[in-house]
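As structure tokens, the structure follows; a few thoughts come after it.
The values are calculated or read from the model by the stated rules, or taken from the named source; none is laboratory data. As the structure is a computational prediction, the values presented were derived from the model and not from experiment. All Cβ positions, glycine included, derive from the backbone under ideal geometry; neighbour counts span all protein chains shown.
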């Protein structure tokens, strides 16, 4: 069965949860997010979650003065593990998909239009959305940080050829993770960032 963007987003939400719990390292998270975005069928997405323990919500507290009534176990929304295979249930809506898409694009612009991409997104779409503006500003500062680092490391690059490759790899991983987190509905904050642009 073929899947749509909403199914891919739910899968990425679960991957984010697993990454935050330490069940995936950065490389595994990056690979699985890329695979989720490229997934075409339900089996493609199920394979990314088969070995992960997904969150289970706590049961509701009984009302004061009344005996607790037994009730069937509550299944978490989205992709759930029922033993032999994963099944699907709708999740509650979060941020609009368009906002998350633009916020993620601000980070992923590092691959096609660094600095310019998040700057334009922040000034246009960001004027209507605080979430997009926050992510675009963080992405812009990250792109500027990488650019300044590259300029400062020119002498080292001339003598040690792989320094620029290491910097590009680190910037790529950061942009991928930042975009994935923004696409999941969170505001990304890079651990290493000069944050020259405040507004």
Is one or more of the residues making up segment 162-179 within 17 Å of residue 96 (Cβ to Cβ), modelled with pLDDT of 85 or more and buried (at least 18 other Cβ atoms within 10 Å of the Cβ)? yes
Kindly indicate the residue of segment 1-23 that is part of a loop (DSSP other than H, G, I, E, B) and modelled with pLDDT under 85 and also surrounded by the most Cβ atoms within 10 Å (Cβ to Cβ) among those meeting that condition. 23
Residue check: is residue 43 surrounded by 11 or more Cβ atoms within 10 Å (Cβ to Cβ), more than 27 Å from residue 131 (Cβ to Cβ) and modelled with pLDDT of 85 or more? yes
Considering 193, 141, 135, which residue is more than 15 Å from the chain's Cα centre (by Cα), in contact (Cβ under 8 Å) with a residue 40 or more places away in the chain and in a helix (DSSP H, G or I)? 141
Those residues of segment 24-38 which are loosely packed, with under 13 Cβ neighbours inside 10 Å and not in a helix (DSSP H, G or I), in sequence order: 25
